[in-house]
Amino acid sequence: MELVSRRDPHLREVVWFAACCRALTLLLQARCLLDFGPLFFFQALFNLLIPDHAADAFHPPRLSEPGLWDLLLERLLGGLSHWDAEHFLFIAERGYLYEHNCAFFPLYPLSVRAVAEGALWPLQRLLRLRSRLLLSAVLLNSLFSVLAAAALYKLGCVVLQCRRVAFLAAVLFSVSPANVFMAAAYSESMFAFLAFSAMWQLEKGQSWLSGLLFSLASGVRANGLINAGFFLYSRGKCFALQLQVGSGSVRKLPPLWKQLLSVASSAVLMCAGIFLPFALFQYYAYVRFCGPGTGLEQAVPKPLLQLALDKGYRLAAMDGVKPPWCSQRFPVVYSYIQDAYWNVGFLRYFELRQIPNFLLALPVTLLGSWAAWTYIIANPRHCVTLGLERRKSEEEGKPRAGFCCPAVFVYVVHATVLLAFGFFCMHVQVLTRFLGSSSPVLYWFSAHLLQEYEPLLWSEGTGNQTAAPRSEKSLLGKSPGSCGKGTSENPIVRLLLNPRFITPLGKCVLGFFLSYWLLGLILHCNFLPWT
């Protein structure tokens, strides 16, 4: 994939900044015994002030004694193996042993195991398998997060038709509020890379490659199934626009029934490909947990059997008793686990004791709602017609580039659906990482706000960017809505070096991104609840 181009300085800056942010993340979360500088001092201070929380979360026993190098790696990267990361690492090491492990899809743990057994195989004399899996997860997520930033930039250039906003959005992704989950042994980075790459390829007309990437994404996270809507909309829009061509072009088109058959068949095939990984995984779970007993429990180490007894975890084919979901008409283990283990469902999280979690999700909820409202107000007719009406060439009054351009419509719908579903049907605190790894709209709209309302970003910049501007007039080298190529200087760095000249709105946007970026590291790495 053409994710890195020597001829595009913006893309080089995106990749460089994303790599630096990932390195800084790893440094800040590391717990080192030696003093290597102020970053380690601050993390040591955080660990003293905020000791590890004794959370009632999945924490399987370690079955082998750690060596010296294992202990060192745990000190350096152990903060990235908490909460759901324990599930992914456990699955990568021992497979789907417990029923509730099936809430986590297989492509990411399979990739982690492949790297641990392949690229990290020379380290097996120094590190036990669990340590190599953790190192593999951190390396993979570092790579995927950088590639996801590059893919988001390329997608933005195609959709927004505005390189400046696309560049700013990709840089914002590198300081995402969901940053800690992009670094920890979670599947967010891999999913973001696959989803953004698939969207980019679809916009370029590479339907089959896009379908393959979307299919892989649905093998990483369940919400990848919603991406089938991009294909359905793309095919439906092409068909609708073909029906509206002028009379002079009608003769060149095939008969209507052939067009309809072509659209329907391609949409069905693509959607089937996207749903296939989900269906195969549900079938695997059914065979494993609902099939005849295989005596598997006899091969499970005693500490893991004891953990199942203590916590009530269901083992595969344990005692020949089948789980309740096996007798359902459509035995889907994923929905059963969400319901039985985590009480996920419509309005189930609307309780007084969950108010702190709703407050935690408030910034991303407001930002996502504001993005949808802004787009609707800017394009009312386009939204009413679902973007299926052929626009007249004389219409030049509405914006043709940037966040409010017509091509963003389907992405706004996608983000709004995710936001509504997450707010009403999920544990609401996960909304930040749910949207941050699935939709480009969070970054596009934030970049749009900064580009529109920050005078510091309207100028092309000079060699000395640390000096404050002499007057606001000197900043207006370009209008807020300008979508020229602009400079490849990092806009976030430019704003942070001139904090006195950032508008209140800019401070709110950057404050949300940077505070969640840092707080996530501090709290998550100390086993405290976070998004």
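A residue that is open to solvent by 10 Å² or more (accessible area, probe 1.4 Å), without any contact (Cβ under 8 Å) to a residue 12 or more places away in the chain, assigned to a loop (DSSP other than H, G, I, E, B) and of a type in the set (Gly, Ala, Ser) can be found somewhere in the stretch 88-99.
Among the residues of the stretch 288-302, how many are at pLDDT 85 or above and surrounded by 12 or more Cβ atoms within 10 Å (Cβ to Cβ)? Total meeting the criteria: 5.
Residue-level check: of (1) under 30 Å from LEU27 (Cβ atoms); (2) open to solvent by less than 10 Å² (accessible area, probe 1.4 Å), ARG221 misses just (2).
Taking the numbered list (1) part of a helix (DSSP H, G or I); (2) in contact with a Lys or Arg (Cβ under 9 Å, 6 or more places away or on another chain) in turn, ARG132 passes all entries but (2). Can you confirm whether the stretch 375-383 contains a residue that is within 27 Å of SER515 (Cβ to Cβ) and among the hydroxyl-bearing types (Ser, Thr, Tyr)? Yes, there is a match, as at least one residue in the stretch 375-383 is within 27 Å of SER515 (Cβ to Cβ) and among the hydroxyl-bearing types (Ser, Thr, Tyr).
Yes or no: VAL180 open to solvent by less than 10 Å² (accessible area, probe 1.4 Å), in contact with a Cys (Cβ under 8 Å, 6 or more places away or on another chain) and in contact (Cβ under 8 Å) with a residue 60 or more places away in the chain? Yes. Does TYR341 fit the bill of being in contact with a His (Cβ under 7 Å, 6 or more places away or on another chain) and surrounded by 14 or more Cβ atoms within 10 Å (Cβ to Cβ)? Yes, satisfied. From the list LEU140, LEU172, the one residue that fits, being touching a Ser or Thr at 6+ places or on another chain (Cβ under 8 Å) and open to solvent by 10 Å² or more (accessible area, probe 1.4 Å), is LEU140.
Looking only at residues in the stretch 224-251 that are modelled with pLDDT under 95 and polar (S, T, N, Q), the one that is farthest from PHE281 (Cα to Cα) is SER247.
A single member of TYR313, TYR286 is outside any helix (DSSP H, G or I) and either touching a Lys or Arg at 6+ places or on another chain (Cβ under 7 Å) or among the hydroxyl-bearing types (Ser, Thr, Tyr) (or both), and it is TYR313. All told, ALA228 meets the bar of being open to solvent by less than 30 Å² (accessible area, probe 1.4 Å) and assigned to a helix (DSSP H, G or I). Taking (1) touching an Asp or Glu at 6+ places or on another chain (Cβ under 7 Å); (2) open to solvent by less than 20 Å² (accessible area, probe 1.4 Å); (3) at pLDDT below 75 in turn, LEU495 satisfies each apart from (3).
All conditions in (1) closer than 25 Å to VAL364 by Cβ; (2) modelled with pLDDT of 95 or more hold for ALA183, with the sole exception of (2). The set of residues from the stretch 162-199 being of a type in the set (Val, Ile, Thr) and part of a helix (DSSP H, G or I) comprises VAL165, VAL171, VAL180.
Of the residues in the stretch 374-390, at least one is at pLDDT 95 or above and buried (at least 20 other Cβ atoms within 10 Å of the Cβ).
Residues of the stretch 505-523 include none that is of a type outside the set (Ser, Thr, Tyr), modelled with pLDDT of 85 or more, buried (at least 19 other Cβ atoms within 10 Å of the Cβ) and assigned to a loop (DSSP other than H, G, I, E, B).
The values are calculated or read from the model by the stated rules, or taken from the named source; none is laboratory data. In this text, all values refer to a predicted model and were calculated from it rather than measured experimentally. As a convention, Cβ positions derive from the backbone with ideal geometry for all residues, glycine included, and neighbour counts pool all protein chains shown. All accessible areas refer to the heavy atoms of the entire protein, side chains included, with ligands and DNA or RNA removed. Shrake-Rupley method; radii C 1.70, N 1.55, O 1.52, S 1.80 Å.
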